[in-house]
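We did not get these values from a lab; they are worked out from the coordinates using the rules stated. Everything numeric in this text was worked out from a predicted model, so none of it was measured. Because the Cβ atoms are built from the backbone with ideal geometry, glycine has one as well, and the counts that use them run over all protein chains shown.
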């Protein structure tokens, strides 16, 4: 079947990693439209940032890293990160005249004779190489515990969080050991009737502020897994927790008094194996996300370990495909380097 469009490279996703890849494609001489195209399912620029909760302001974010060739600058730290980053990404797209098409929902990537076929519900693109930069936001992870379906209260994921109103006067259990769980727990606690924090592993606190070296250390841990063909842990799951002044207050006040995971969920709360019971009206699952790679299913890329075996950004089983929203590059600290590395390999693949 003939595709509607033919391009050298199709980039799927216009978050940090996708925009970085597009920038380097442009710099490498791939002409807009004929040479490459960026397909993004968002209605506006911003990647996953545009969906973050309004109370996540700039100063609460671990780090917002510059896109290549354009500094992020020093915006008002009290502004919502969703608005600030979306404006920055949009300005970047316009400045470098990047061929971003939206909204486009890519449904599948399949192997043709000499190209990869990228398909949405209405159009197809035949590409000599594909950079999948779809990140994780579209795949919130909901773990299952016995009795979960019997709970009479409300269950939310961080992807659904919009503010404290849903928790006002409620008894709240927050599940998860990442920075999002900590931030939301501290935000909810003053308005809730009670809060309880539970995690699978004891939190590891760091007194020093988050830094690029700290981020790179976490990225390296995830990179080792994907090179072995194992499912990647999220970068957040291997990043220790920073003891900010706000966190210190929460620790001293007992808000961040963590308990191990409960044994089961009851209609009115959660219960541990020793019979300890915590009543709850709301359970907030701050349990992270998984890679949004369902569109790659036709390529049958899963290794015996359950993940996709990678060599840098390149998929070992399909050298025409690069993942820059997967594993170690599913973070702002890894996204820029991944975009550049993918384009370097694709230039070599296409003989440019």
(message) How much length would be gained if the chain were fully extended between residue 200 and residue 121, taking 0.36 nm per residue of separation minus their Cα-Cα distance, in nm to one decimal?
(response) 24.4 nm
(message) Can you tell me the length gained on complete extension of the stretch residue 149 to residue 224, counting 0.36 nm per residue apart and subtracting the Cα distance?
(response) 23.4 nm
(request) Run through the DSSP bridge list for the chain and note the antiparallel percent, rounded to the nearest 5. (result) 40
(request) Starting from the Cα of residue 3, move 7 Å in the Cα-to-Cβ direction to define the label point; list residues of the range 294-312 whose amide nitrogen is under 15 Å from there. (result) 296, 299
(request) Two decimals is fine: what is log10 I(q)/I(0) at q = 0.10, 0.12 Å⁻¹ for the chain, from a Debye sum with one equal scatterer on every Cα and no solvent? (result) -0.64, -0.90
(message) Please compute the length gained on full extension between residue 207 and residue 107, using 0.36 nm multiplied by the number of residues separating them and subtracting their Cα-Cα distance.
(response) 31.6 nm
(request) Estimate the FRET efficiency between residue 304 and residue 263 by the formula 1/(1 + (r/R0)^6), using the beta-carbon distance for r and 35 Å for R0, to the nearest 0.05. (result) 0.60
(request) Tell me the label-point distance for the pair residue 297, residue 87, using the 7 Å Cα-to-Cβ offset, in nm and rounded to one decimal. (result) 4.0
(request) Set the Förster distance to 56 Å, then compute FRET efficiency between residue 43 and residue 274 from the Cβ-Cβ distance, nearest 0.05. (result) 0.70
